[in-house]
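The values are calculated or read from the model by the stated rules, or taken from the named source; none is laboratory data. Quantities reported herein were computed from a predicted structural model and do not represent experimental measurements. Here Cβ is always computed from backbone atoms with ideal geometry, including for glycine, and neighbour counts include all displayed protein chains.
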Amino acid sequence: MDKINIAVLGLGTEGKHAVKSLLDYGNHVYASDLNKDIDLSEFEHEYLDIDLGLHDTTKINTADAVVLSPGLWHTNLAKSIKKENRLISDVISAHKSIFTIAVTGTNGKTTTCYMLNDILEKSGLNILLGGNAGGGFEGYTKMILEASENKYDVMIVEVCDMTLDYASYVFNIDMVIVTNIGNDHMGYHISLENYRKSVCKFLKGKKQAILNGKDSLLMKCVDCANKTFLFDSNHRELKLFGEFNQENASGAFKAAEILGIYPKFINNVLSNFNNVKGRTISINFRNSKIIIGKTDNSDAVAAVFNEAKMDVIIIGTPRKNEKHRYSILKEVKDAKPDLVVLFPGLDNTTDMAKEILEAEGYNGKICILDEVSQVVEFALNCTKKYKNIFIGGNGQKKIISLQNALNEISKSIKNY
């Protein structure tokens, strides 16, 4: 692919990942955002031109292609760029000829993507896996660029529920897996019914949809795609923690089965599948379990709490403006742990979280940690007294760092 000049408008999570990917692939980039308070020091590069506080229309109009932040998708600016066919997915379009599977839903997207990727790769196919930068991948733009550089049999794209319209335009999606519809990003969706309608709209015109048959809202979407398949949580041998991972495995199984892969082969791959970094795992210490994973919404937390009675719940607090995520604290209260421990998640909102927890009616002991670095030692001390300790919340990097530290300590104890 020839290197070109590309404008990136909007520098949120997807936009920043787009800038990085474009520079990595040797392109010249103009990046802009109306917000002046964005740290872009990590992107210092001779091929990068940045404007904060404005979008320079001359630089945008002279670019060969434009990357739009999904948050700008329904603006007049986006409409004009789409009308001119100047979006990067129109200018660089090799990805549109690859069989594409989109995986979306509230929870379980990333694990389902990796499970399906493992199955298809081991069956001999060349897979391009990526998508939603908020889920830990490197963003949609990275997939577009990579598909133009190398040949792939199948693309698996994780699609965030807030970018369904965006992804429908950018990719030619052949098959969709929807893991569930749950209580997240309600500041965007406003209601679960609105979210369901957006999923149905996303499925319109898609050849095949694979839906979680245990989800009552998804059962209202069975007629949205051209053809719909359902999956349940058929129990199979897995290394992973939790009933919810049985559902993830069933979704990946159904997709692979539709693609013609033998069930025995699929189940063999799934039985050897290892947990994705940051997702929920169980670590044994002494006679206790520390269960830890990214759980950034109330449905994700509830799914974990359904697995076992948690004696101690250690939670990283949400951002101040993410009001819908404070419903996690109601699930914490309902789980009735002996002790709740709050630590700074993506924001230090521990005092606010404590007030909400008390207002919800939790009358057990509440402890506040000042730093994430205190979590590991605190959790280990809890194993002296309690059987089940849970660590969760948002902030994938923080959860992964805590998992890594606990795994290392666990290994050293076993090898001692």
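Here the condition is being crowded, with 21+ Cβ neighbours inside 10 Å and either over 27 Å from K277 (Cα atoms) or touching a strand residue (DSSP E or B) at 6+ places or on another chain (Cβ under 7 Å) (or both); of I98, I88, it holds for I88 alone.
Taken as a whole, the structure leaves L125 outside the set of residues that are at pLDDT 95 or above, under 30 Å from T179 (Cα atoms) and buried (at least 22 other Cβ atoms within 10 Å of the Cβ).
For region 111-131, the tally of residues that are polar (S, T, N, Q) and more than 14 Å from the chain's Cα centre (by Cα) stands at 3. Condition first: of a type outside the set (S, T, Y) and assigned to a loop (DSSP other than H, G, I, E, B). Now tell me which residues in region 347-368 satisfy that. D347, N348, E360, G361, N363, G364, listed by residue number.
Take T280 and tell me if it is within 13 Å of I391 (Cα to Cα) and either of a type in the set (F, W, Y) or surrounded by 20 or more Cβ atoms within 10 Å (Cβ to Cβ) (or both). Spelling it out, T280 is indeed within 13 Å of I391 (Cα to Cα) and either of a type in the set (F, W, Y) or surrounded by 20 or more Cβ atoms within 10 Å (Cβ to Cβ) (or both). Screening the candidates D351, D334, D347, D338 for the property of being of a type in the set (D, E, K, R) and under 23 Å from the mean Cα position of the chain (by Cα) yields one hit, D347.
Given the criterion in contact (Cβ under 8 Å) with a residue 24 or more places away in the chain, closer than 24 Å to C113 by Cα, crowded, with 20+ Cβ neighbours inside 10 Å and not hydroxyl-bearing (S, T, Y), identify the matching residue among N297, N274.
Details: N274 fails: crowded, with 20+ Cβ neighbours inside 10 Å.
The unique qualifying residue is N297.
Taking first residues from region 32-48 that are closer than 22 Å to L72 by Cβ and partners that are of a type in the set (D, E) and in a loop (DSSP other than H, G, I, E, B), the Cβ contacts under 7 Å between residues at least 6 apart in sequence or on separate chains come to S32/D56. Taken over region 301-327, the residue count meeting the criterion of being aliphatic (A, V, I, L, M) and without any contact (Cβ under 8 Å) to a residue 40 or more places away in the chain is 1. Considering only region 243-265, I want to know if a residue exists there that is among the β-branched types (V, I, T) and in the same structural domain as C113 (by TED's automatic domain parsing). Yes, that holds for at least one residue. Whenever a residue of region 141-160 is more than 20 Å from A7 (Cβ to Cβ), its partners that are of a type in the set (D, E, K, R), lying with C-beta atoms within less than 6 angstrom and at least six residues away or across chains, give the pairs E158/K109.
Right, F202: touching a residue at least 12 places away in the same chain (Cβ under 8 Å) and under 21 Å from the mean Cα position of the chain (by Cα) or not? The answer is yes for F202.
Per this entry, E358 is not counted among residues that are among the acidic types (D, E) and closer than 27 Å to F137 by Cβ.
Among the residues making up region 212-225, a single one is polar (S, T, N, Q) and touching a strand residue (DSSP E or B) at 6+ places or on another chain (Cβ under 7 Å): N212.
Counting only residues that are without any contact (Cβ under 8 Å) to a residue 60 or more places away in the chain and either assigned to a helix (DSSP H, G or I) or within 26 Å of R279 (Cβ to Cβ) (or both), region 369-396 holds 8 of them. Restricting attention to region 351-375, the residues that are buried (at least 20 other Cβ atoms within 10 Å of the Cβ) and either over 17 Å from K320 (Cα atoms) or in contact with an Asp or Glu (Cβ under 9 Å, 6 or more places away or on another chain) (or both) add up to 2.
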